[in-house]
Amino acid sequence: MSENTKQPESLKILFADDEKSLQKLMSLELPRLGHTVTVCPDGVTAIAALEKENFDCILVDLDMPGKSGIDVIEKAKETAPDTEAIILTGKSSTESAIAAIRFKVFAYLTKPCRLMELKTLLEGVFQKREQDRKIKALTSRLDRIEGKSKLIGDSSAMEIVNKMISKVAPSNSAVLIRGETGTGKELVAKAIHDQSLRHQQPFVAVNCGALPENLIESELFGHRKGAFTGAEETRIGLFEVAHGGSLFLDEIGELPKSLQAKLLRVLETGEIRRVGENSSIKVDVRIISATHRHLEDMVGEGDFREDLMFRINTFEIQLPPLRERTEDIPLLAEHISRRFWPTIPMTHTVFATETIHALKSHSWPGNVRELANVVEHATILCEELPIQPQHLPRRFNEQASVGPPQLRAVMGPMSLRELEMQAIHEALDRHEGNKPQAAEELGISLKTLYNKLNQATTNEKTA
């Protein structure tokens with residue numbers, strides 16, 4: 001083996017087939033690929049082996065004497081549900097298709113199988129198991145830190161949201177969460193997952209607007225090694241990672257038109273196809289989507305597929321902006337503050353009355369996300385409780401001294417462009433110059449933000 005050849009990651013494999021030639025081949029070749037293997041001549045022997053130990057992956061023929069490959073897969077899933085199964089078969093059949101759906105089979109291998117094809121599949125199995133382990137570890141860590149997803153607030157608006165979550169969660173229906181940027185759409189999605197029958201399976205979130213267009217397909221569906229420049233190894237996509245659980249597609253309105261058609265096909269067929277591969281893979285994933293954009297307008301402008309909008313919008317939840325539930329601000333602010341000061345006794349007053357009044361008087365264009373930033377800012381400045389108005393960001397004190405927006409209007413009329421730039425500069429000030437965060441709050445792309453800033457600079461120079 002050359003120095004540049006990467007040794008494949010090791011799996012513990014059970015191989016079951018009644019063909020002696022294949023038994024001999026696998027007993028030699030699988031260890032050469034870096035794996036450990038237990039070879040069984042029939043289904044009865046394989047089931048006996050599964051009763052003694054667990055395996056990362058089982059590779060089984062469907063048609064064997066005594067006990068069939070389906071019996072072996074069923075036993076493996078019973079003893080270790082995360083065991084991956086690969087079916088080895090001489091021909092496709094209804095039986096094998098039913099087995100694939102029922103037991104979430106990882107892949108098929110048609111006899112006579114090629115070793116390179118098997119090698120690629122086993123690399124995919126290893127990567128999927130590694131992804132699953134990372135997700136479970138992160139989920140466990142988050143649950144320890146934050147507990148199950150909890151929406152803070154007892155306003156009538158949030159009471160409606162919570163009721164809708166409890167109604168839709170037990171179903172497998174696709175859910176579309178609408179709301180302004182920063183209102184907590186991902187938290188709602190997580191609450192739906194946590195209250196569903198899939199709560200023990202992965203919850204995978206992806207921001208469709210944050211991925212480069214040329215990588216979105218690979219990120220969602222995976223790719224085969226060598227499928228494009230830079231694809232140095234086979235990689236599973238987020239649909240496979242979320243198999244059995246929920247996939248949260250945040251800002252789905254930002255999904256490129258070319259990917260919308262492919263997503264629609266997945267939702268209709270339940271099958272994905274990795275970039276560079278011809279065969280499809282069955283996935284069982286619940287789709288929860290979110291957007292701050294008006295999809296109906298996008299459909300009218302030809303930017304979003306109408307059939308996809310209907311497919312993701314079986315059940316809709318509208319999340320209210322923070323300015324429409326100001327009675328929740330004291331609860332939210334205190335909940336957020338305890339992330340930074342977890343040792344504060346529950347009996348302590350965290351915010352002074354004047355501070356709560358200032359928070360409730362603010363318009364909150366950035367919603368709960370902006371509130372979290374403000375509270376964090378205050379906890380950094382405050383050395384002794386309760387938090388006072390002077391601990392809030394500068395803009396709160398400026399608002400108090402200048403007065404409400406309607407009084408500031410006497411300063412003179414402003415053009416639409418001037419109003420636009422004022423909103424941009426205020427957003428940048430709130431986020432301390434962080435342009436990606438400011439763009440997200442304003443509901444525009446980062447590219448649009450840069451274009452507007454550059455245009456304003458050009459106008460100043462030519463004025």
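Of all residues in segment 170-209, those being within 15 Å of the chain's Cα centre (by Cα) and either in contact (Cβ under 8 Å) with a residue 40 or more places away in the chain or not assigned by TED's automatic domain parsing to the domain that holds residue 313 (or both) number 24.
Quick check: is even one residue across segment 280-292 touching a Pro at 6+ places or on another chain (Cβ under 8 Å), in the same structural domain as residue 168 (by TED's automatic domain parsing), surrounded by 16 or more Cβ atoms within 10 Å (Cβ to Cβ) and of a type outside the set (Phe, Trp, Tyr)? Let's see the steps before the verdict.
If we filter segment 280-292 for residues that are touching a Pro at 6+ places or on another chain (Cβ under 8 Å), which is where we start, we get none.
For segment 280-292, residues touching a Pro at 6+ places or on another chain (Cβ under 8 Å), in the same structural domain as residue 168 (by TED's automatic domain parsing), surrounded by 16 or more Cβ atoms within 10 Å (Cβ to Cβ) and of a type outside the set (Phe, Trp, Tyr): absent.
Residue under question is residue 282, and the condition is that it be farther than 25 Å from residue 170 by Cα, in contact (Cβ under 8 Å) with a residue 40 or more places away in the chain and out of contact with any Lys or Arg (no Cβ under 7 Å at 6 or more places or on another chain); does it hold? Walk me through it before giving the result.
Values: farther than 25 Å from residue 170 by Cα: no; in contact (Cβ under 8 Å) with a residue 40 or more places away in the chain: yes; out of contact with any Lys or Arg (no Cβ under 7 Å at 6 or more places or on another chain): yes.
No, not satisfied.
All conditions in (1) among the hydroxyl-bearing types (Ser, Thr, Tyr); (2) under 23 Å from residue 169 (Cα atoms); (3) touching a residue at least 40 places away in the same chain (Cβ under 8 Å) hold for residue 234, with the sole exception of (2).
Being outside any strand (DSSP E or B), crowded, with 16+ Cβ neighbours inside 10 Å and within 30 Å of the chain's Cα centre (by Cα) is the filter here; which residues of segment 105-121 pass it?
105, 106, 118, 119, 120, 121
So, in segment 34-50, how many residues would count as being of a type in the set (Gly, Ala, Ser) and either touching a His at 6+ places or on another chain (Cβ under 6 Å) or in a loop (DSSP other than H, G, I, E, B) (or both)? Show your work before the answer.
Our first condition is that a residue be of a type in the set (Gly, Ala, Ser); within segment 34-50, this holds for 34, 43, 46, 48-49.
From what is left, the residues that are either touching a His at 6+ places or on another chain (Cβ under 6 Å) or in a loop (DSSP other than H, G, I, E, B) (or both) are 34.
Within segment 34-50, residues that are of a type in the set (Gly, Ala, Ser) and either touching a His at 6+ places or on another chain (Cβ under 6 Å) or in a loop (DSSP other than H, G, I, E, B) (or both) number 1.
Is there a residue in segment 24-37 that is crowded, with 19+ Cβ neighbours inside 10 Å, β-branched (Val, Ile, Thr) and over 16 Å from residue 70 (Cα atoms)? Yes, the conditions are met somewhere in segment 24-37. Every condition in (1) touching a strand residue (DSSP E or B) at 6+ places or on another chain (Cβ under 6 Å); (2) surrounded by fewer than 18 Cβ atoms within 10 Å (Cβ to Cβ) holds for residue 159 except the one numbered (1). Any chance segment 151-160 includes a residue that's touching a residue at least 12 places away in the same chain (Cβ under 8 Å), under 19 Å from residue 312 (Cα atoms), part of a helix (DSSP H, G or I) and touching an Asp or Glu at 6+ places or on another chain (Cβ under 8 Å)? No, that holds for no residue. Residues that are in contact with a strand residue (DSSP E or B) (Cβ under 9 Å, 6 or more places away or on another chain), of a type outside the set (A, V, I, L, M) and either in a helix (DSSP H, G or I) or at pLDDT below 90 (or both) within segment 371-393 comprise just one, 379.
The values are calculated or read from the model by the stated rules, or taken from the named source; none is laboratory data. Here the structure is a predicted model, which is why all the values come from computation and not from measurement. Positions of Cβ are generated from backbone atoms using ideal geometry, with glycine treated the same way; all protein chains shown enter the neighbour counts.
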